[in-house]
1. Could you tell me what a quarter of the Cα convex hull surface of the stretch 137-283 works out to, in nm² with one decimal place?
2. With +1 on the Cβ of every Lys and Arg and -1 on the Cβ of every Asp and Glu, and nothing else charged, how large is the dipole of the stretch 137-283 about its Cα centre, in debye rounded to the nearest 20?
3. For MET104, MET181, MET296, MET250, what ranking results if the residue with the fewest other Cβ atoms within 10 Å of its Cβ goes first?
4. Based on Cβ point charges of +1 for Lys and Arg and -1 for Asp and Glu, what charge dipole magnitude is obtained for the chain about its Cα centre, in debye rounded to the nearest 20?
5. For the stretch 5-96, state which trypsin sites (Lys or Arg not before Pro) are in a DSSP loop and have at most 14 other beta carbons lying within 10 Å of their beta carbon.
6. Taking the simple approach of a point 7 Å from Cα along Cα-to-Cβ for both ASP92 and HIS121, what is their distance in nm?
7. So if we plug the beta-carbon distance of ASP278 and LYS12 into 1/(1 + (r/R0)^6) with R0 = 45 Å, what FRET efficiency do we get, rounded to 0.05?
8. Ratio of Rg to Rh for the stretch 31-154, alpha carbon only, Kirkwood?
Amino acid sequence: MAISTPHLLGIKNISTDDIHTILTTAKEFKEVINRPIKKVPSLRDITIANVFFENSTRTKLSFELAEKRLSADVINFSASGSSVKKGETLLDTVNNILSMKVDMVVMRHSSPGAPHFLAKHIKANIINAGDGTHEHPTQALLDAFSMQEKIGDLAGKKIAIIGDITHSRVALSNIFCLKKMGAEVQICGPKTLIPKHLEKLGVSISHDILETLKWCDVANVLRIQLERQHIKFFPSLREYALFFGINKSMLDKLDKEIVLMHPGPINRGVELSSDAADSPHSIILNQVENGVAVRMAVLYLLAQNKIK
């Protein structure tokens with residue numbers, strides 16, 4: 001089993017067949033990580049560098065655990081304590097890492113397109129772990145996997161993406177992935193946090209949280225990314241929570257069960273109240289577990305297309 005590309009740079013770049021292959025393989029790896037012995041020797045001859053130019057907790061830990069479950073050799077690189085602070089370029093940094101005979105690079109970078117740039121210039125499989133506000137492909141894949149587990153085939157299902165769309169790399173990857181899998185997608189949030197012309201991607205737009213919750217089968221709620229907001233996009237967090245925050249009483253009033261998701265970390269009391277985040281509607285912890293299985297699948301499948 002293999003996919004048609006040597007890199008995972010974004011969901012926009014891969015085929016629907018590739019998505020289904022990754023999710024099918026992830027199902028097999030989820031069985032592996034729930035066994036008493038959670039390790040397989042699939043990548044024991046592969047060395048992987050995790051190169052993170054931005055802070056990360058969940059994604060970095062998830063990738064590292066996935067790599068170790070596959071028996072790969074792992075190098076962790078953080079820009080905060082590196083020669084990047086002395087002015088070293090991205091290409092020089094990665095070439096220095098590759099001189100240590102690295103086969104794959106998992107990279108997070110604040111600049112959109114940085115993984116695409118690397119893929120053109122170095123001989124290694126590149127996995128995008130988030131590039132600026134552009135894409136975060138493995139998050140979209142684990143979200144789709146988690147939805148499938150809960151509600152089955154996504155074709156025709158109604159998925160809402162709620163919150164800070166403008167500053168989110170998760171939103172764009174999710175839209176590409178869900179549309180390729182045949183789902184209907186609605187975006188909900190304040191007008192200031194929804195990019196213009198988003199409808200061109202085949203999604204509908206709403207500014208009414210209650211109407212969106214009534215419409216959807218799944219609500220994927222995104223974090224308000226204050227660290228990326230250099231101007232005020234809404235008056236206050238309290239006002240955002242009042243008009244777009246979700247709490248359990250809202251969910252209980254719906255005439256159907258919906259699934260609640262969040263890529264984390266959650267701003268509790270802003271986009272989600274604690275009673276909503278911890279309710280039976282929520283599959284947030286399932287997403288964390290599924291992240292390891294999906295990233296194992298991506299690493300394993302890309303290794304089949306090893307760059308010589």
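Here, each number is a calculation from the coordinates, and none is a lab measurement. Keep in mind it's a predicted model, so treat the numbers as computed, not measured. Cβ sites come from the backbone with ideal geometry, for glycine too, and all protein chains shown count toward neighbours.
1. 8.0 nm²
2. Numbers: 18 positive and 17 negative charges, 93 e Å.
In total the dipole reaches around 440 debye.
3. Ordered from fewest to most neighbouring Cβ atoms within 10 Å, MET104, MET181, MET296, MET250 come out as MET250, MET181, MET104, MET296.
4. Numbers: 38 positive and 32 negative charges, 124 e Å.
Magnitude of the dipole: close to 600 debye.
5. Working: sites: LYS12, LYS27, LYS30, LYS38, LYS39, ARG44, ARG58, LYS60, LYS68, ARG69, LYS85, LYS86; in loops: LYS38, LYS39, ARG44.
The qualifying sites are LYS38, LYS39, ARG44.
6. 1.1 nm
7. Working: r = 34 Å, r/R0 = 0.76.
Calculated value: 0.85.
8. On the way: Rg = 15.6 Å, Rh = 15.6 Å.
On the Cα set of the stretch 31-154, Rg over Rh gives 1.00.
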